[in-house]
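J.: Mind looking over this structure? Questions follow.
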Amino acid sequence: MSRMTTEQAIHQALAEEMQRDARVLLMGEGVATKRRDLVQDFGAARVRNTPLAEAIIAGTAVGAAASGLRPVIDLLFAPFLTYAMDALVNSAGKLRYLSGGQFDFPLVAMSMTGSGWCVGAQHNHNLEAMFVHAPGLKVVMPSTPADFKGLLKAAIRDDNPVLFFSDLALLHQEGEVPDDREHLVPLGQAAVRRAGTDVTLVSYAKTVEACLQAAAQLQAQGIAAEVIDLRTLKPLDEATVLNSLRKTGRLVVVTEASGLCGMAAELAALAATRAFDVLRAPVVRLTGPDAPGASSWVLEQAALPTAEAVVQAVQGMLAEMAVAAS
Amino acid sequence: MLRVRAYEETLVELQRAGAPGTCTSVGQEACAVGVVDALEARDRILTNHRSAAHLIARGADPGRLMAEVLGRVDGYCGGRSGSLHISAKELGVVLTSTIVGGELSMAPGVALAQKMGQGEPGGIVAVFFGDGAACEGIFHESLNLAVQWQLPLLFVCENNDWQAFVHRRETMPDNAIADWAAGHGLPVATVDGNDVEAVHAAACEAVAAIRADGRPRFLELVTYRLRGHFEPDDQAYVDADELAHWQARDPVQNQADRLLAQNALDAAGLTQLRQQAAARIEAAVSFAQASAWPDPRTLTRHVYAEQGVQP
């Protein structure tokens, strides 16, 4: 184990996978500028600065992926993905299927999002659910440095196109990261961060921490909350969520992304369709608002579900239970 | 060219009888045949929704193409593509996209993989698109990257005057897309796209140049879409005089006339070639219509690669 930041864990994953597989290459605006050691170790052909043109960066990655390379592209901020939508959604996501399986698209599209840098809505937009909705793509959004490394390595080795979202607020967070070059976190496996029997808190990225803080506060009140970190949004680890729900009967979903048609809605639907018989309270969604991200620190923070909000939601759920029982 | 023409005219008849419509390339056959014949087996081709001529020129089996158009299991893509995005990896026709400009977005990546040693040594990539795609922003991004990264890529613009249902004169102030390419620093050639020998000569020259220095080239083929955007299409929006002008320049008839004039072909020989093409397409129709429908239980097969994380 080594202690490092998320940014360092990402860098280590890139370096290890480029070392392991000569087909892996890195492209994007500034990747060669920022990662000089990778240029030195693997050559300028495999670490390529690009024009500031997301559509052609993504399109080039799609073409290269179908032709034997395993590109990783850094598209910087998630809102810029809309420029890359055609290549990612229409090409990478659909041409495997439309061609009858003639092509694979082993590529990773990295981008950053989330509040914390006061950069406003055109650099901060948790639009991950847009890609969850697109067939043929996988979507990853980790919360710990160890997972950033293990999931990025697994994404690079996956033969499918993977959207890899990095929460801006987590980039400088430190944590223990395995040194093992085979430290892989399989896509599609959620992590139970804390075990509990009274309520299931499901989240991913920065709001996992809010759930953990809430769980600690709730424990002081005698309420045992289970905290699930999804880590991968697609494929969704339904089994881990359902197993927890069968234990607790209560679900609170916490996301920074807005609620309409998002992951929180999907998890509420999962509970309603697959665990209705064990639900002891209505599902609660704590999400960001249907509003663009503001720049002002105060407004940016106001859009975030907090630990206090999670605690209140759980208390409300249990209070309703108490009223119903009396 | 005769086989392409027979294939697409048969598709028009099938559509009238209820088969799915297609985007034909009637009138543009010389572009496809002239360029594809200048390529080698080690080269890769990207095309678009108007792809039949490129595929047939590359040696695609008209029966499997037609089966794909009809949505049958023996099609090149198992019936999942239909006419609009037929890829045939075994022929080197890859990543066919019906998104106008999609082919231009992916072509640099295919050429980059080639440059980085993934294809057969010395192979190049040719990408076919039209004047409509040239009006997409990705056109410029694609050309710029190909020049900057020195990619072995042949851009082939079939300027057919039509962008779906809109004439090119309504969409761009210039006539020459090659001028835009030249602005990106690309060596360009503009050729009569209805003259298969002229297209072939220009394509051979461009291909040889790309193989020699590994840098991209641009070919603008001036041609015309003789049929509508998508069958059925009554072309009521087409100027009759303009259409008549281009019908008189039919690339298939022109080449037949030229060969007859050169005594390279006689009338009986031409008749025989036409009959051979017709027989080939007739067999293709029989093959396609006899092909099974895909099993609905396979609906979600091929969405994802099975190989995920290697433990």
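Just so it is clear, none of the values below were taken in a lab; they were calculated from the coordinates. These figures come from a predicted structure and were not determined experimentally. When we count neighbours, we look across all protein chains shown, and the Cβ atoms used for this are built from the backbone with ideal geometry, even at glycine.
J.: Taking only pairs six or more apart or across chains, which ones have beta-carbon atoms under 8 Å, a first residue in the stretch A:178-196 that is within 13 Å of chain B (Cβ to nearest Cβ), and a second residue that is among the charged types (D, E, K, R) and part of a loop (DSSP other than H, G, I, E, B)?
T.: A:185/A:231; A:187/A:158; A:188/A:237; A:189/A:231; A:189/A:237
J.: Based on what the data block shows, is residue B:63 over 23 Å from residue B:229 (Cβ atoms), more than 11 Å from chain A (Cβ to nearest Cβ) and either within 13 Å of the chain's Cα centre (by Cα) or not aliphatic (A, V, I, L, M) (or both)? Even if it seems obvious, please write down each step before you answer.
T.: On the way: over 23 Å from residue B:229 (Cβ atoms): yes; more than 11 Å from chain A (Cβ to nearest Cβ): yes; either within 13 Å of the chain's Cα centre (by Cα) or not aliphatic (A, V, I, L, M) (or both): yes.
It is true that residue B:63 is over 23 Å from residue B:229 (Cβ atoms), more than 11 Å from chain A (Cβ to nearest Cβ) and either within 13 Å of the chain's Cα centre (by Cα) or not aliphatic (A, V, I, L, M) (or both).
J.: Sticking with this one: Only one of these conditions is not met by residue A:98: (1) away from chain B (no Cβ under 14 Å); (2) surrounded by 24 or more Cβ atoms within 10 Å (Cβ to Cβ). Which number is it?
T.: If we test residue A:98 against (1) away from chain B (no Cβ under 14 Å); (2) surrounded by 24 or more Cβ atoms within 10 Å (Cβ to Cβ), just (1) comes out false.
J.: Considering only the stretch A:211-224, I want to know if a residue exists there that is in a strand (DSSP E or B), of a type in the set (Gly, Ala, Ser) and crowded, with 18+ Cβ neighbours inside 10 Å.
T.: Our first condition is that a residue be in a strand (DSSP E or B); within the stretch A:211-224, this holds for none.
Within the stretch A:211-224 (the criterion being in a strand (DSSP E or B), of a type in the set (Gly, Ala, Ser) and crowded, with 18+ Cβ neighbours inside 10 Å), the answer is no, since none of the residues qualifies.
J.: Just checking, does the stretch B:204-220 include any residue being within 25 Å of residue B:11 (Cβ to Cβ), surrounded by 14 or more Cβ atoms within 10 Å (Cβ to Cβ) and in contact with a strand residue (DSSP E or B) (Cβ under 7 Å, 6 or more places away or on another chain)?
T.: Step one: of the stretch B:204-220, the residues within 25 Å of residue B:11 (Cβ to Cβ) are none.
No, because not a single residue in the stretch B:204-220 is within 25 Å of residue B:11 (Cβ to Cβ), surrounded by 14 or more Cβ atoms within 10 Å (Cβ to Cβ) and in contact with a strand residue (DSSP E or B) (Cβ under 7 Å, 6 or more places away or on another chain).
J.: Identify, please: which residue in the stretch B:114-129 is buried (at least 24 other Cβ atoms within 10 Å of the Cβ) and at the interface with chain A (Cβ under 9 Å from one of its Cβ atoms) and is, among those, farthest from residue B:93 (Cα to Cα)?
T.: Narrowing the stretch B:114-129 to residues buried (at least 24 other Cβ atoms within 10 Å of the Cβ): B:114, B:124-129.
Add one more test, that the residue is at the interface with chain A (Cβ under 9 Å from one of its Cβ atoms), and what stays is B:114, B:125.
Details: B:114: 14, B:125: 10 Å.
Among those that are buried (at least 24 other Cβ atoms within 10 Å of the Cβ) and at the interface with chain A (Cβ under 9 Å from one of its Cβ atoms), it is B:114.
J.: Related question: For the stretch A:238-278, which positions are part of a helix (DSSP H, G or I) and touching a Ser or Thr at 6+ places or on another chain (Cβ under 6 Å)? Write out each step before concluding.
T.: Keep residues of the stretch A:238-278 that are part of a helix (DSSP H, G or I), which gives A:238-248, A:263-274, A:276-278.
Residues satisfying the conditions are A:244, A:245, A:247, A:248, A:263, A:264.
J.: Which residue out of B:150, B:235 is within 14 Å of chain A (Cβ to nearest Cβ) and on the phi > 0 side of the Ramachandran plot? Outline the logic, then answer.
T.: Values: B:235 fails: within 14 Å of chain A (Cβ to nearest Cβ).
Checking each option against the conditions leaves just B:150.
J.: Only residues that are among the charged types (D, E, K, R), part of a helix (DSSP H, G or I) and surrounded by fewer than 20 Cβ atoms within 10 Å (Cβ to Cβ): list them for the stretch A:17-50, please. Give the steps one after another, and end with the answer.
T.: Kept after step one, since they are among the charged types (D, E, K, R), are these residues of the stretch A:17-50: A:17, A:20-21, A:23, A:29, A:34-37, A:41, A:46, A:48.
Of the ones still in play, those that are also part of a helix (DSSP H, G or I) are A:17, A:20, A:34, A:36-37, A:41.
Selection gives A:20, A:34, A:36, A:37, A:41.
J.: Out of the residues in the stretch B:90-113 that are facing chain A (nearest Cβ under 7 Å) and either of a type in the set (A, V, I, L, M, F, W, C) or surrounded by fewer than 24 Cβ atoms within 10 Å (Cβ to Cβ) (or both), which is nearest to residue A:84 (Cα to Cα)? Lay out the reasoning, then the answer.
T.: The first filter runs over the stretch B:90-113 and keeps only residues facing chain A (nearest Cβ under 7 Å), leaving B:94-95, B:97, B:99, B:102, B:105-110, B:112-113.
Of the ones still in play, those that are also either of a type in the set (A, V, I, L, M, F, W, C) or surrounded by fewer than 24 Cβ atoms within 10 Å (Cβ to Cβ) (or both) are B:94-95, B:99, B:106-107, B:110, B:112-113.
On the way: B:94: 20, B:95: 17, B:99: 13, B:106: 12, B:107: 15, B:110: 17, B:112: 18, B:113: 20 Å.
Once the filter is applied, the top-ranked residue is B:106.
J.: I've got another one for you. From the list A:42, A:103, which one is hydrophobic (A, V, I, L, M, F, W, C), within 14 Å of chain B (Cβ to nearest Cβ) and more than 22 Å from residue A:153 (Cβ to Cβ)? Explain how you work it out, then say what you get.
T.: Details: A:42 fails: more than 22 Å from residue A:153 (Cβ to Cβ).
Exactly one of A:42, A:103 is hydrophobic (A, V, I, L, M, F, W, C), within 14 Å of chain B (Cβ to nearest Cβ) and more than 22 Å from residue A:153 (Cβ to Cβ), namely A:103.
J.: On to the next question. Can you work out which of the residues in the stretch B:7-30 that are of a type in the set (Gly, Ala, Ser) and buried (at least 22 other Cβ atoms within 10 Å of the Cβ) is nearest to residue B:195 (Cα to Cα)?
T.: B:30
J.: A further question follows. Looking only at the stretch A:59-94, how many residues end up being at the interface with chain B (Cβ under 7 Å from one of its Cβ atoms), touching a Ser or Thr at 6+ places or on another chain (Cβ under 7 Å) and either over 13 Å from residue A:131 (Cβ atoms) or of a type in the set (Asp, Glu) (or both)?
T.: Summing the residues that are at the interface with chain B (Cβ under 7 Å from one of its Cβ atoms), touching a Ser or Thr at 6+ places or on another chain (Cβ under 7 Å) and either over 13 Å from residue A:131 (Cβ atoms) or of a type in the set (Asp, Glu) (or both) in the stretch A:59-94 gives 4.
J.: Out of the stretch B:133-146, which residues are buried (at least 24 other Cβ atoms within 10 Å of the Cβ) and away from chain A (no Cβ under 13 Å)?
T.: B:134
J.: Got at least one residue in the stretch B:234-243 being over 30 Å from residue A:133 (Cβ atoms) and either within 19 Å of the chain's Cα centre (by Cα) or among the basic types (Lys, Arg) (or both)? Don't jump to the end; show me each part of the working.
T.: Our first condition is that a residue be over 30 Å from residue A:133 (Cβ atoms); within the stretch B:234-243, this holds for B:234-243.
From what's left, either within 19 Å of the chain's Cα centre (by Cα) or among the basic types (Lys, Arg) (or both): none.
No; the residues of the stretch B:234-243 include none that is over 30 Å from residue A:133 (Cβ atoms) and either within 19 Å of the chain's Cα centre (by Cα) or among the basic types (Lys, Arg) (or both).
J.: Taking residue A:37, is it in contact (Cβ under 8 Å) with a residue 12 or more places away in the chain, of a type outside the set (A, V, I, L, M, F, W, C) and at the interface with chain B (Cβ under 9 Å from one of its Cβ atoms)? Reasoning before the result, please.
T.: Values: in contact (Cβ under 8 Å) with a residue 12 or more places away in the chain: yes; of a type outside the set (A, V, I, L, M, F, W, C): yes; at the interface with chain B (Cβ under 9 Å from one of its Cβ atoms): no.
Taking the combined requirement at face value, the residue does not satisfy it.
J.: Scan the stretch B:69-88 and give yes if some residue there is touching a helix residue (DSSP H, G or I) at 6+ places or on another chain (Cβ under 6 Å), in a helix (DSSP H, G or I) and more than 14 Å from chain A (Cβ to nearest Cβ), otherwise no.
T.: no
J.: Moving on to the next point. For the stretch A:104-139, name all the residues that are under 17 Å from residue A:59 (Cβ atoms) and part of a loop (DSSP other than H, G, I, E, B).
T.: Of all residues in the stretch A:104-139, those under 17 Å from residue A:59 (Cβ atoms) come to A:104-111, A:131, A:134, A:136-137.
Listed by number, the residues that qualify are A:104, A:105, A:106, A:107, A:134, A:136, A:137.
J.: Return the residues of the stretch B:15-31 that are within 14 Å of residue B:250 (Cα to Cα) and touching a Lys or Arg at 6+ places or on another chain (Cβ under 9 Å); say none if nothing qualifies.
T.: In the first step, residues of the stretch B:15-31 are kept if they are within 14 Å of residue B:250 (Cα to Cα); the result is B:25-31.
Across the stretch B:15-31, the qualifying residues are B:25, B:26, B:27, B:28, B:29.
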